[in-house]
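The values are calculated or read from the model by the stated rules, or taken from the named source; none is laboratory data. Because the structure is predicted, anything quoted here is derived from the model rather than measured. Reconstructed Cβ throughout: ideal geometry from the backbone, glycine too, with neighbour counts over all protein chains shown. For the accessible areas, the whole protein counts, side chains as well, though only heavy atoms, and no ligand, DNA or RNA atoms are used. Shrake-Rupley method; radii C 1.70, N 1.55, O 1.52, S 1.80 Å.
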Amino acid sequence: MEKHYLSSLFDPTSVSIFVNKQTPGELHSHQAIFTKLFEEGKYAAPVEWIDISTPLDLNKSDLKKKGLAIIALPTTEIITALDLAGRLKHQSAVIISTGVDKATSDQLKDLAKHYGIKLLGPNTMGYQRPYLHLNASIMGDLASSGPLALIAQSGALTSAMLDWAKTNGVGFSFAASVGQNATVDIAELLDFLGNDGKTQSIVLYLEGITSSRKFMSALRAAANIKPVIVLKAGHKPAGNEAAKTHCGSIVGTDAVFDAAIRRAGAVRVKSFVDLFSAAKCLASSYRPVGNRLAIITNGGGPGVLAADRISENNLLLAKLSEESTEQLHSSLSPLASLDNLVDLSEEASADQYCRAIEIANKDKNVDGILAIYSPKPGVDSLAIANAIADIKKRTNKPLLSCWIGDSSVVSSRLNLANANIPTFRTPEAAVGAFENISSFYTNQKLLQQTPPPLSKSLSPDIEGAKLIIENVLASRRTVLTEMESKALLSAFHIPITQTILAKNVNEAIMIANQIGYPVALKIDSPDVSHKSDVNGVALNVMNSMGVRDIYNHMTQTVAHLVPDAKINGITIQKMVRNKRGREIYIGLVNEEPFGPVIAFGAGGTMIELLNDQSMELPPLNQYLAQQLINRSRIAQTLKEWRGAPAVNIEALEHILLRVSEMACELPQLVEMDINPIIVDEHSAIAVDARIVLSNSHLLNNSQAGLYSHLAILPYPHQYEQIYPLKDGGEYLVRPIHPDDADMLKGFYKSLSDESRYFRFISNAPELPPAMAAKFTLIDYDREMALVALIRESELSDHGVWVESEKIIGVARYSTNPDKASCEFSLAVSDEFSGQGIGSRLMLNIMEVARDKGLAEIDGLVLSKNPGMLKLMRNLGFSVEGMVDDPDFKIVRKKL
């Protein structure tokens, strides 16, 4: 595997430490602390000390590339030191400093870019790489080596975590403190750690995000490979008085961040304590596959407390199967109970604990195990802990422990921690820790979803929707009237109630008589956000007299309460009368830095009071829509509820998918409220809608700018094309997606040994599942993979012809760190060589790279692969030899 572009920074082969021996000592507080900690770390590779106050001979002909430069100097000297590091040809640098302003930071970034230096800092306390014995920080003593990586936007929190780890047996592969204005940002650190072999899981503390697309891209890539736990500080109040819609007032930034982290496949914790708990489990390399937790205890009380917390945390209390119960019962005391909890009774011995853990570990109904011990007179706590520590080696499911008490169980807790078993003081904390790690499994399913921006069934009238938006903005308005809002919904095939605008009393009476009573009357004004607040809504109007009186009273009342409001008239619509229908709202808000967010929950006039907010980032597919509905509090009332039949969930899913299309295709949408939506067992219909626009987003139809407002790039269906095969038939070229993993493994297996070696520099007969997942779950923003597919028909055992797809070629590119060029790879099935598939895949992948604004594409080709070299020359690539490795050629082409 090629080295990551940040390897010279975090895996240096040599270190240069910059000092200034002529500056008074009191100005060198960072330097003194760093020097002491660095020397105590006993870094084994070559170390060079460079005094910036001493003139150096910079004869460039004698200079060779150097490794890492560490600068822990006062702010006034760091620019001089970094400039010297660049002239000495250092590949990377870390600047340990605090309080550096933006202007100085920009100078440092420009210097680093000029010299090609990978720079961590300024405003960082540095980093630690324990397995290298490298302490390039002022965060405290070097941590123990382990599988956990820590990134934090707080030096104090990083130091606290490292200090906590000492007494809890937690080791780190990497720890870094990154402040504001840092050159290497959080996204790049995540990208490095996702590919770092020493790191098995990542803990991340955030205070702010700048580029959501870059952050989400890196977080999704890292979380696809290993668990990521996120703690974010800073909570925005849920209420927003400036919001013009109900949705805008109840959706807060913190809830949106929750939705983003969940969609990225990571797990968010809400407190410092939860972060420590999650770190314990991650350090134990646990990978749960569900949310069913079995409780093994020697006391009913603590077990019941744990069971209560399980139900509160949306987990399931695992119950042993009948077979497991029979196997376990014979070895337990007559006082033991196995009905729900595995209560071993107060007489529980070490052997009984171990037997229960062994059986639970084999039971298919169990995803994790929590062993709880309460001190009992005459029972050896340490012996039980030691026995569990020993059996942990034979356990493949997450095993957590809770030793309740204090003085009598200290040694037991220590032994369990030394055996890499997370141990907690209370049952609630243990269950909370399992819930955090279990969420990783749930969120991974969300990560696997790569929905398209548009459905393939009934295409929306996007051009018609854009005309409505352009007309509203052209009239210098940003708030759509109800008529305009419903027209926009209709363009995306969202069912709406028939609504007709009446500009005077006579029109209102005629319209009401035509559509039939009862009717609803609503004020139509772009200046009234919430109609009911100004008595602008009247329901169940039964006759013409009522229409006349209400029309006059409503217009007079609104004119009095909102004197400056422009009143277009009053809308008349047929009452949706369904005693068994439920009122739902579906909304959309734009929340920086993540862009549009879709909200779902209980609707009606008390929407803010109910505050039922379930959120998801677009684009959605059916699975994501189902999860969005299920997370809401109103979800339980959508099933059979107090005599009412279950509602038509598919109708709600349809509206959610259409709202997702609106979010993807119309970047001008700032807020949208569809409230209420009346849903029953037959259908769902939007009764009212309000939409707010922004003129800051221009309509952008270019491929490069398409969907630039979204934090998650949708499946790029625009790159799907069908081509003919030379010997008849046809093949489809399309972007890869996660469902292709099995097909990709089959394609890899079908390649000849030579083709496999030419593409993967490997002759392994199988593509490992982890690699297949990495190759198929890609971030379309930073990379692209196109597959060529054919359809095959095969006679099944039942005599029925079954069609299936088969991959016959793959081309991909990954964007290089310079963000201006990309590296490609290509493989075509031996069976289909000579059909022009390789040329077509390369032409298409280059077209995608051009759309992304990349300027150059390059790749490595084995010198012994003449077929590929010929293809590259035919496509206009230059071919150059590699000085360092004659076995490879570099091929390049300007895009």
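Data for the structure
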read-out: Filtered residues of segment 71-89 (kept if open to solvent by 20 Å² or more (accessible area, probe 1.4 Å) and in contact with a strand residue (DSSP E or B) (Cβ under 7 Å, 6 or more places away or on another chain)); value: THR75, LYS89
read-out: All positions within segment 124-165 that are of a type in the set (Ser, Thr, Tyr) and under 25 Å from LEU73 (Cβ atoms); value: THR124, TYR127, SER137, SER154, THR158, SER159
read-out: Count - residues of segment 738-766 that are in contact with a strand residue (DSSP E or B) (Cβ under 9 Å, 6 or more places away or on another chain) and modelled with pLDDT of 85 or more; value: 8
read-out: Scope segment 674-689; condition closer than 27 Å to LEU467 by Cα and open to solvent by less than 10 Å² (accessible area, probe 1.4 Å); matching residues; value: ILE674, ILE677, ALA684, ALA686, ALA689
read-out: Selection count, segment 359-393, where residues are out of contact with any helix residue (DSSP H, G or I) (no Cβ under 7 Å at 6 or more places or on another chain), in a helix (DSSP H, G or I) and modelled with pLDDT under 90; value: 2
read-out: Residue among PRO596, PRO619, PRO563 that alone is of a type outside the set (Val, Ile, Thr) and free of Cβ contacts under 8 Å to residues at least 24 places away in the same chain; value: PRO563
read-out: Filter result (under 26 Å from GLN556 (Cα atoms), open to solvent by 60 Å² or more (accessible area, probe 1.4 Å), in a loop (DSSP other than H, G, I, E, B) and aliphatic (A, V, I, L, M)) within segment 453-508; value: none
read-out: First in segment 306-326 and within 17 Å of CYS354 (Cα to Cα) and in contact (Cβ under 8 Å) with a residue 12 or more places away in the chain, second anywhere and open to solvent by less than 30 Å² (accessible area, probe 1.4 Å) and not in a loop (DSSP other than H, G, I, E, B), Cβ under 6 Å, 6 or more apart; value: SER324/ILE359
read-out: Only one of ASP163, ASP185, ASP141 that is of a type outside the set (A, V, I, L, M, F, W, C) and within 16 Å of LEU6 (Cβ to Cβ); value: ASP185
read-out: Flag if SER144 is under 20 Å from LEU132 (Cα atoms) and more than 18 Å from the chain's Cα centre (by Cα); value: yes
read-out: Any hit, segment 287-294, residues being touching a helix residue (DSSP H, G or I) at 6+ places or on another chain (Cβ under 7 Å), open to solvent by 10 Å² or more (accessible area, probe 1.4 Å), modelled with pLDDT of 85 or more and more than 21 Å from PRO422 (Cβ to Cβ); value: no
read-out: Neighbours by Cβ (under 6 Å, 6+ apart or cross-chain): first from segment 72-92, polar (S, T, N, Q); second open to solvent by less than 10 Å² (accessible area, probe 1.4 Å) and assigned to a helix (DSSP H, G or I); value: SER92/LEU9
read-out: Residue that is out of contact with any Lys or Arg (no Cβ under 6 Å at 6 or more places or on another chain) and either free of Cβ contacts under 8 Å to residues at least 60 places away in the same chain or open to solvent by 70 Å² or more (accessible area, probe 1.4 Å) (or both), where the choices are GLU803, GLU823, GLU792; value: GLU823
read-out: So LEU473, is it closer than 24 Å to LEU652 by Cβ, touching a residue at least 40 places away in the same chain (Cβ under 8 Å) and either out of contact with any Leu (no Cβ under 9 Å at 6 or more places or on another chain) or not β-branched (Val, Ile, Thr) (or both); value: no
read-out: Members of segment 414-423 found to be buried (at least 24 other Cβ atoms within 10 Å of the Cβ) and not β-branched (Val, Ile, Thr), listed by number; value: LEU416, PRO422
read-out: Any hit, segment 461-468, residues being under 30 Å from ASP739 (Cα atoms) and of a type outside the set (Gly, Ala, Ser); value: yes
read-out: Residue, most open to solvent (accessible area, probe 1.4 Å), within segment 723-768, restricted to residues that are without any contact (Cβ under 8 Å) to a residue 60 or more places away in the chain and basic (Lys, Arg); value: LYS749
read-out: Residues satisfying the stated conditions in segment 400-413, i.e. among the hydrophobic types (A, V, I, L, M, F, W, C) and in contact (Cβ under 8 Å) with a residue 24 or more places away in the chain; value: LEU400, CYS402, TRP403, ILE404, VAL409
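Here's the yes/no breakdown for (1) farther than 30 Å from GLN627 by Cα; (2) surrounded by fewer than 22 Cβ atoms within 10 Å (Cβ to Cβ):
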{"site": "LEU316", "(1), (2)": "no, yes"}
{"site": "GLU322", "(1), (2)": "yes, yes"}
{"site": "THR325", "(1), (2)": "yes, yes"}
{"site": "LEU335", "(1), (2)": "yes, yes"}
{"site": "GLU347", "(1), (2)": "yes, yes"}
{"site": "LYS364", "(1), (2)": "no, yes"}
{"site": "ALA371", "(1), (2)": "yes, no"}
{"site": "ALA383", "(1), (2)": "yes, yes"}
